[in-house]
Amino acid sequence: MPAVFDLNDCIAVGFGFAACTKDGAIVLEEPRPSYDDNGEMLDDDQHYPTGADAEKLAVADPDHDWRIMLESPLLGRTFQRQGAGNWVLVEQNAGFA
């Protein structure tokens with residue numbers, strides 16, 4: 001059975017790049033932290049997109065190449081939407097480090 005992205009999971013990696021794309025264009029992206037003038041991270045309750053958020057967009061416009069991309073230092077994974085609620089792992093690599 002192929003690996004799938006759980007719709008309850010966040011589209012986030014912490015350090016790296018995480019996004020949902022439609023035909024290669026970013027439509028959802030992990031938020032970047034904000035900092036104050038002293039360099040302290042602001043706690044501004046940013047929303048981390050989930051697989052369900054990506055699925056909602058894809059359901060509204062299904063005839064495209066929808067992907068969730070997660071790139072971290074030691075692991076990169078790309079999931080492609082292959083039918084309703086089914087985001088299948090189509091690429092995996094050793095990350096960017």
### Query
So which residues in the stretch 1-22 are assigned to a loop (DSSP other than H, G, I, E, B), crowded, with 17+ Cβ neighbours inside 10 Å and over 10 Å from the mean Cα position of the chain (by Cα)?
Gly16
## Note on the structure
In the stretch 55-92, residues that are within 15 Å of Gly24 (Cα to Cα), more than 11 Å from the chain's Cα centre (by Cα) and β-branched (Val, Ile, Thr) total 1
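If I filter the stretch 47-55 for residues that are closer than 15 Å to Arg77 by Cα and not in a loop (DSSP other than H, G, I, E, B), do I get at least one hit? If you could, list the steps in order and put the result at the bottom.
Of all residues in the stretch 47-55, those closer than 15 Å to Arg77 by Cα come to 51.
Right, trim to not in a loop (DSSP other than H, G, I, E, B) and you get 51.
Checking the stretch 47-55: at least one residue is closer than 15 Å to Arg77 by Cα and not in a loop (DSSP other than H, G, I, E, B).
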### Task
Could you run through the stretch 63-77 and say how many residues are charged (D, E, K, R) and part of a loop (DSSP other than H, G, I, E, B)?
2
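Residue by residue, here is whether (1) farther than 21 Å from Lys22 by Cα; (2) at pLDDT 95 or above; (3) surrounded by fewer than 15 Cβ atoms within 10 Å (Cβ to Cβ) holds:
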position	(1), (2), (3)
Tyr35	yes, no, yes
Asp43	yes, no, yes
Tyr48	no, no, yes
Ala58	no, yes, no
Asp61	no, yes, yes
Arg77	no, yes, no
### Residue within the stretch 23-32 that is touching a Ser or Thr at 6+ places or on another chain (Cβ under 8 Å), at pLDDT 95 or above and not in a strand (DSSP E or B) present
no
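The values are calculated or read from the model by the stated rules, or taken from the named source; none is laboratory data. Being a predicted model, the structure only gives us computed values, none of them experimental. We place every Cβ from the backbone using ideal geometry, glycine too, and count neighbours over all the protein chains shown.
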